1. At 1.4 Å probe size, with every protein chain present, just tell me what the per residue accessible area of the chain comes to in Å².
2. Consider all pairwise Cα distances in the range 255-346 and report the whole-number % of them above 21 Å.
3. Per-residue accessible area for Lys199 at 1.4 Å probe radius, Å² rounded to 10?
4. Compute from the Cα atoms of the range 230-270 the Rg and the Dmax, the latter being the longest Cα-Cα distance, and quote both in angstrom.
5. Rg and Dmax of the range 17-85, using alpha carbons, in Å: what are they?
6. Specify whether the C-alpha gyration tensor of the range 162-274 places it in the rounded, prolate or oblate class, a ≥ b ≥ c being the square roots of the eigenvalues: rounded for a/c under 1.5, otherwise prolate if a/b is larger than b/c and oblate if not.
7. Hey, any idea what % of the chain's accessible area is carbon plus sulfur with a 1.4 Å probe?
8. Using a 1.4 angstrom probe on the protein heavy atoms only, line up Ser366, Ser306 by accessible area, largest first.
Amino acid sequence: MNNSHRPLWLLAELTYACPLQCPYCSNPVDYASHGRELDTDTWLRVLREARALGSVQLGFSGGEPLVRNDLEILLREAASLGFYTNLITSGVGMDNDRIKNFRELGLDHIQISFQAPERELNDYYAGSAVFDHKLSMARAVKENGYPMVLCFVIHRDNIDRVEDIIRLALELKADYLELATTQYQGWALINRDHLLPGKEQVEQAERVAHEYQNRYQDRIKIYFVVADYYENRPKACMNGWGRTALVVSPDGTALPCHSARILPGIEWPNVGNHTMEWIWESSPGFNRFRGDDWMKEPCKSCSEKSVDFGGCRCQAYLLTGDPSNADPVCDKSPFHHVILESTARRESAAEPDQTGAMFFRNPKNSDKLS
């Protein structure tokens, strides 16, 4: 392993519990079978060991991290250790007093997610009437001196409303807006035929985003994450396997990305049994796809392999059955036709209801689909 690589970014997935039921949730489809959660003392040890290992940025996520009643304890410890801390939340479970307390505890950053720029569609995708509360919490975040960071996951049903999303962000005086195109893994892969937008929709949304980026660059930073399925090269997933990111899931499983536990043939380490140093430097899982010795052709001899690192291992596995294959997004991949077939199917389906029922994230569906 190249010891110059440090886990600069630690994502602490505190729980899979969540009051929302988003059908594109990044949690495992079988999350209901991972019911055990780390206790407070173990999380505190994880934070200390990760900081000693070189982690500087810390994200608290879930599920919904606000449902953990020890969140404030973890925030206090993270601040004392010198982390830059980010709470990634739906805003449900938060109120003005709690935000003030977060400020006193040293939390640096709050990101609030929305499902759509208007109530009906937002609450449909959230599976709960939460839009008005989200608006209230976004305003409270700003009033308490935080930079306001909003995230909208973009899909077929809201991509034509990108201009409305940006206008809402401007109205709320957001400092940052992430337009994050759905990544088709987990729940989103199951619901892909409902969620995948058409190519013209993506191109139009990108044009609108760039127009507002230029017009309001002094007021808001807008990030538009383009859909993998309409690109010819994959993204450098997590900046490369085991290079800068480390994820700890609610049950203590340590992963190089939040989806990696789906990959077959890898026994993932658990923070309950190993130190963070051993996990990062020595565990077989974190070393499995480091470097390029694992690569097959065409990646192995590709001049771009140090740019995208072969793309996403989870996407390669989900779409080809082998995580060592070239990411099918790449047009050099022998499996690129899988992506082309998916987008062609999307273009031929005029209405989402032609593709059957959409599965919302909840324990009943988790048990059914796992």
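1. Details: 15670 Å² over 370 residues.
That works out to 42 Å² for each residue.
2. Working: 1572 of 4186 pairs.
More than 21 Å apart: 38 percent of the Cα pairs in the range 255-346.
3. About 100 Å², ignoring ligands and nucleic acids.
4. Answer for the range 230-270, Rg first and Dmax second: 11.9, 36 Å.
5. 13.4, 37
6. Numbers: a/c = 2.53, a/b = 1.78, b/c = 1.42.
In terms of gyration-tensor shape, prolate.
7. Details: 7480 of 15670 Å².
About 48 percent, which is the carbon plus sulfur part of the accessible surface.
8. Details: Ser366 0, Ser306 85 Å².
Highest to lowest solvent-accessible surface, that is Ser306, Ser366.
The values are calculated or read from the model by the stated rules, or taken from the named source; none is laboratory data. Remember, it's a predicted structure, so these values are computed and weren't measured experimentally. Ligands, DNA and RNA are excluded from the accessible area calculation, which covers all protein heavy atoms including side chains. Shrake-Rupley method; radii C 1.70, N 1.55, O 1.52, S 1.80 Å.
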